[in-house]
Amino acid sequence: MNKFSTPTKKDFLKFVNKFNEVLGDKLALLTKKNFKQAFNDLIYDRRFVITILIALLSIFAHLSTPAFYQDKWVLSKIKKQLQNEFDVELILPEKVRYSMFPIPSFYLSNVKIAENGDEIGVIEEMKLCLTFNKFLEKEKINIQDIQIKNSKFELYNNNLKNLKNFFKEEINDKPLYIRNSNIFFKNSDDEVYLILNIEKSKSFFDKDNLNNVININGDVFNNPISLNFDNDPKNKELNFTLNIGAIGKKIKTKLNYFNDTIIGDFDFLSGSSNYLTKLEFDKEMIYLYSEKKINESHLYLADIKLNPFFADLEINLNSLDFYDLIKNDGLFLKIITSNLINNKNLNYQIKLNSTGLDNHRLLKDLALNLNFIESKLNFDNSKITFDENVNISLNNTEFVSNIDNSFFAGELKFKIKNSNNLYKFFQTNKKYRKEIKEIKVSFKINLFDNSYLIEKISIDNMSNDQIQNITKYYNKNNFNILKRIEIKNLFNEVISNL
């Protein structure tokens with residue numbers, strides 16, 4: 001037998017008091033004469049009588065619903081409708097709860113979703129809101145919308161490969177709302193490489209515009225995002241917009257999927273700039289490149305293998321703001337420290353090349369490498385040229401970013417073509433000028449406060465206690481690598497103590 005909810009004593013007394021208040025206000029305006037006239041007018045008005053009768057019949061049907069709807073019958077009807085609507089296998093509980101207020105609804109708990117016999121999702125709470133015209137047709141359960149809470153779904157690469165089939169036809173006619181739920185994306189080894197936390201979402205087929213619509217608000221790696229899909233299944237066209245709250249950027253995408261290879265483009269919107277990208281992908285790979293070129297090379301070019309996931313991205317620029325690259329609130333460090341790209345199941349190599357650097361006339365030919373392999377991020381083999389006389393490389397790097405600890409460590413190697421030119425630049429005393437070929441500096445940067453720590457300095461693989469004491473002094477006095485005078489003083493003190 002079905003269970004149904006009833007209003008509490010407090011709710012009922014509140015309703016009665018409100019009704020008495022409104023009724024009292026209206027009756028105060030009536031005299032005996034006009035009250036009698038109004039009553040007679042209503043009695044002889046057929047519309048009033050019919051309305052009262054329909055209301056009474058609806059209330060009677062509504063109140064009697066639990067009495068003539070049996071669990072098995074209801075569950076059978078629900079299962080048939082939902083499986084036809086969403087083309088999935090459902091495993092429903094044995095009991096269903098019915099509620100009259102605020103609108104007639106059925107409640108289900110622990111609903112399981114399966115595909116080819118394998119469970120891919122569990123829904124803790126499912127609410128089916130019904131339309132009022134069901135009262136007059138007992139054999140129908142007219143679902144108005146579906147609301148899901150506290151659910152968990154698992155999607156594998158095979159599900160993603162066949163995702164385009166989902167967009168080839170109209171999706172659910174009844175609006176589907178999802179709240180406080182998670183989608184786990186897994187590879188063939190059953191490892192999770194992405195978790196989408198859904199705060200709220202809505203999906204439905206827009207009959208007016210003949211489009212499938214999906215709106216999602218949630219977060220990925222604890223970074224808020226909003227994702228809006230707009231799909232035309234007839235013309236095989238998909239548009240979606242992704243807003244990434246962590247870096248304040250937006251991506252707009254348009255795809256056509258007439259055949260097995262999907263082609264399209266997307267815009268990366270950054271302030272007043274936008275970068276149009278062409279892309280195509282199939283079941284195994286994603287290829288993308290920019291329309292804009294730098295010296296005959298694409299502004300950016302990427303090959304992404306889906307299983308196992310590996311991305312190879314190259315970005316080419318004419319110029320890059322040096323201080324935007326290294327400052328705490330710059331886009332580069334926002335992306336790095338946001339954990340958007342730090343996922344243990346991802347592997348990628350990103351090469352950022354720039355022939356010039358704004359705000360620093362002596363630095364050029366940057367080749368910055370981001371390597372994320374086996375859950376570790378490093379910047380090894382990154383290079384830059386200083387004043388055409390010194391080639392600087394970055395190696396043995398380590399990057400850690402979490403709640404408890406956030407730092408970047410590594411070794412800078414300075415290959416010197418002409419040491420006399422370097423001495424002139426730093427105005428080194430002539431009596432200390434010796435021929436040198438290489439300088440190595442081990443460092444550590446605290447990303448919480450942007451403080452620098454020099455751990456060791458060696459020149460042509462030589463060091464001594466005096467040099468290490470100098471580094472300790474500069475560390476203690478908050479050495480600032482961005483100030484030229486401090487670098488000059490440090491260099492000359494080290495050279496004078498060789």
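The values are calculated or read from the model by the stated rules, or taken from the named source; none is laboratory data. Keep in mind that this is a model prediction, so the values were computed, not measured. Because the Cβ atoms are built from the backbone with ideal geometry, glycine has one as well, and the counts that use them run over all protein chains shown.
Of all residues in the stretch 327-337, at least one satisfies being polar (S, T, N, Q), outside any strand (DSSP E or B), in contact with a Leu (Cβ under 7 Å, 6 or more places away or on another chain) and at pLDDT below 80.
Residues being within 18 Å of the chain's Cα centre (by Cα), aromatic (Phe, Trp, Tyr) and either modelled with pLDDT of 75 or more or assigned to a strand (DSSP E or B) (or both): count how many of those fall in the stretch 221-273.
The initial filter retains those residues of the stretch 221-273 that are within 18 Å of the chain's Cα centre (by Cα), namely 221-230, 239-253, 266-270.
Still in the list and also aromatic (Phe, Trp, Tyr): 221, 229, 240, 266, 268.
Imposing the further condition that a residue be either modelled with pLDDT of 75 or more or assigned to a strand (DSSP E or B) (or both) reduces the set to 229, 240, 266, 268.
Adding up the residues that qualify gives 4.
Residue-wise test of (1) of a type in the set (S, T, N, Q); (2) assigned to a helix (DSSP H, G or I); (3) outside the structural domain of ASN359 (by TED's automatic domain parsing); (4) surrounded by 14 or more Cβ atoms within 10 Å (Cβ to Cβ).
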{"site": "GLU411", "(1), (2), (3), (4)": "no, no, no, yes"}
{"site": "LYS424", "(1), (2), (3), (4)": "no, yes, no, no"}
{"site": "LYS444", "(1), (2), (3), (4)": "no, no, no, yes"}
{"site": "ILE454", "(1), (2), (3), (4)": "no, no, no, yes"}
{"site": "GLN466", "(1), (2), (3), (4)": "yes, yes, no, no"}
{"site": "TYR473", "(1), (2), (3), (4)": "no, yes, no, no"}
{"site": "PHE479", "(1), (2), (3), (4)": "no, no, no, yes"}
{"site": "LYS488", "(1), (2), (3), (4)": "no, yes, no, yes"}
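Figure legend. Inter-residue proximity from the stretch 463-475: first residues on the phi < 0 side of the Ramachandran plot, second residues aliphatic (A, V, I, L, M) and in a helix (DSSP H, G or I), beta-carbon distance below 7 Å, spacing 6+ or different chains. Indicated pairs: ILE467/VAL494; ILE470/VAL494; TYR474/LEU490.
The residue that is modelled with the lowest pLDDT, among those in the stretch 274-293 that are among the charged types (D, E, K, R) and more than 21 Å from ASN228 (Cα to Cα), is LYS283.
Do you know which residues across the stretch 352-378 are among the hydrophobic types (A, V, I, L, M, F, W, C) and part of a strand (DSSP E or B)?
Passing the criteria: LEU352, LEU357, LEU363, LEU366, ALA367, LEU368, LEU370, PHE372, ILE373, LEU377.
Is it the case that some residue within the stretch 412-429 is in contact (Cβ under 8 Å) with a residue 60 or more places away in the chain and either farther than 20 Å from LEU363 by Cα or among the β-branched types (Val, Ile, Thr) (or both)? Looking through the stretch 412-429, at least one residue is in contact (Cβ under 8 Å) with a residue 60 or more places away in the chain and either farther than 20 Å from LEU363 by Cα or among the β-branched types (Val, Ile, Thr) (or both).
Cβ-Cβ contacts under 7 Å between residues 6 or more apart (or on different chains), taken from a first residue in the stretch 440-454 that is in contact (Cβ under 8 Å) with a residue 40 or more places away in the chain to a second residue that is hydroxyl-bearing (Ser, Thr, Tyr) and in a strand (DSSP E or B), are listed as LEU447/SER401; LEU447/SER406; PHE448/SER406. Within the stretch 181-220, the set of residues being free of Cβ contacts under 8 Å to residues at least 12 places away in the same chain and assigned to a strand (DSSP E or B) comprises just one member, ASP206. Selection of the stretch 341-385 for residues being at pLDDT below 85 and in contact with a helix residue (DSSP H, G or I) (Cβ under 9 Å, 6 or more places away or on another chain) yields ILE341, ASN342, LEU357, ASP358, ASN359, HIS360, LEU362, LEU377. Taking the stretch 67-133 and the strands (runs of 3 or more DSSP E) fully enclosed by it, the elements with 3 or more residues that are among the charged types (D, E, K, R) are at 118-130.
LYS207 falls short on exactly one of the conditions (1) modelled with pLDDT of 90 or more; (2) farther than 30 Å from SER375 by Cα, and that condition is (1).
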